[in-house]
1. Among the residues of the stretch 161-181, are any at pLDDT 85 or above, aromatic (F, W, Y) and part of a helix (DSSP H, G or I)?
2. So, in the stretch 1-16, how many residues would count as being modelled with pLDDT of 50 or more, part of a loop (DSSP other than H, G, I, E, B) and of a type in the set (S, T, N, Q)?
3. Do the conditions hold for I20, that is, is it of a type in the set (V, I, T) and surrounded by 15 or more Cβ atoms within 10 Å (Cβ to Cβ)?
4. Which residues, counting only those in the stretch 186-237, are in contact with a Gly (Cβ under 9 Å, 6 or more places away or on another chain), part of a helix (DSSP H, G or I) and over 30 Å from Q261 (Cβ atoms)?
5. Check off (1) surrounded by 10 or more Cβ atoms within 10 Å (Cβ to Cβ); (2) part of a helix (DSSP H, G or I); (3) not basic (K, R) for I45 and give me the number that stays unchecked.
6. Which count do you get for residues in the stretch 17-54 that are at pLDDT below 90 and of a type in the set (S, T, N, Q)?
7. When residues of the stretch 159-171 are filtered for being closer than 16 Å to I183 by Cβ and open to solvent by less than 10 Å² (accessible area, probe 1.4 Å), how many remain?
Amino acid sequence: MSSSVLTEELGPRGQRRVLIGSWVSSALIAAALVFLVYRFQSRGILDWDQWEPFTVRLNLGFLFEGLLNTLKAALGAMVIAITVGFFMALGRLSRTWAVRALARTYIEVFRSIPLILLIFAAFFGLPDAGIDVSIFQALVVALAVYNSAVLAEIFRAGILSLDSGQSEASKAIGLTYWQMMRIVILPQAVRRMTPAIVAQLATLTKDTSLGFIIGYQEFVRRGQSFAEFANNLLPSYIFVGAVYFVMIFALSRLARRMEVQQRKKLGAGAMQVGGGLEDLEALAEGGEEALVTSKSKGAV
């Protein structure tokens, strides 16, 4: 194995320190867990009567109806966010200055505003503007607007991560700009973008819990209602949190696995979406030649 060019490999003394630190950290975590279990036991949280309501089919149906509402909102927002984000990314890469400016404004504005403010704006602002929306629609609109701005940068990063030889070869065989995008660039970029997209969609699914603040009957709100009914506040939130953990962990592992597979198959590095937009400034000046950059400029 080759050592990193930025850091030196640990020597015997350093390895011992890391090993000792790992054992100490593990011991502290284990002690904290034991103490937590002890406190739960002493306060009756682990008593069977606190957890028995979760064995009742009617209660589980009530809770998982909220989970179904969460998935509905997440799915609706995903479809809109992916569609809008894709076209916003193409807008950022357009050769027309006005289109680039509009797309850039959309992305920078909506990915900078806290999601909770967008939810309030959709729920209270749209009706004031004469647009009637339900609680479900307001939540989906807010989630879609915010995540479309984030996904647009992911799409853009995937396109810019391809080797410049792809565009050069496309022009050599006589393809036009949009033929190159449709036939050569986008099919390859989508494969590289998929892990990052899945990871963002996992975040979107988790963010649906913010619908709680406008009264949407999603999983967290149903969990609170159930906790008040069953008088088991902490066990209910533990149950809701555990279900969320399983969902998000599964999606995160899927994204990670897909990323590793893409790296092995295509030799693609990890995509990072940041605030730096210098690459598009070059694109604005260079047109087609600057559309697809090398891997060293692909992490934006």
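1. No, every residue in the stretch 161-181 fails to be at pLDDT 85 or above, aromatic (F, W, Y) and part of a helix (DSSP H, G or I).
2. 1
3. no
4. F219, V220, R221, R222, G223, S225, F226, S236, Y237
5. Going through the list (1) surrounded by 10 or more Cβ atoms within 10 Å (Cβ to Cβ); (2) part of a helix (DSSP H, G or I); (3) not basic (K, R), I45 breaks only (2).
6. Of the residues in that region, 3 qualify.
7. Here the count works out to 4.
Listed here are the residues, each with its yes/no results for (1) loosely packed, with under 15 Cβ neighbours inside 10 Å; (2) at pLDDT below 85; (3) over 21 Å from I80 (Cβ atoms); (4) touching a strand residue (DSSP E or B) at 6+ places or on another chain (Cβ under 6 Å).
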| site | (1), (2), (3), (4) |
| --- | --- |
| R191 | no, yes, yes, no |
| L210 | no, no, no, no |
| L233 | no, no, yes, no |
| S236 | no, no, yes, no |
| A242 | yes, no, yes, no |
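The values are calculated or read from the model by the stated rules, or taken from the named source; none is laboratory data. All values derive from a computational prediction rather than experimental measurement. Glycine also receives a Cβ, built like all others from the backbone with ideal geometry; neighbour counts cover every protein chain displayed. Just so you know, the surface numbers come from the protein's heavy atoms only, side chains and all, with ligands and any DNA or RNA stripped out. Shrake-Rupley method; radii C 1.70, N 1.55, O 1.52, S 1.80 Å.
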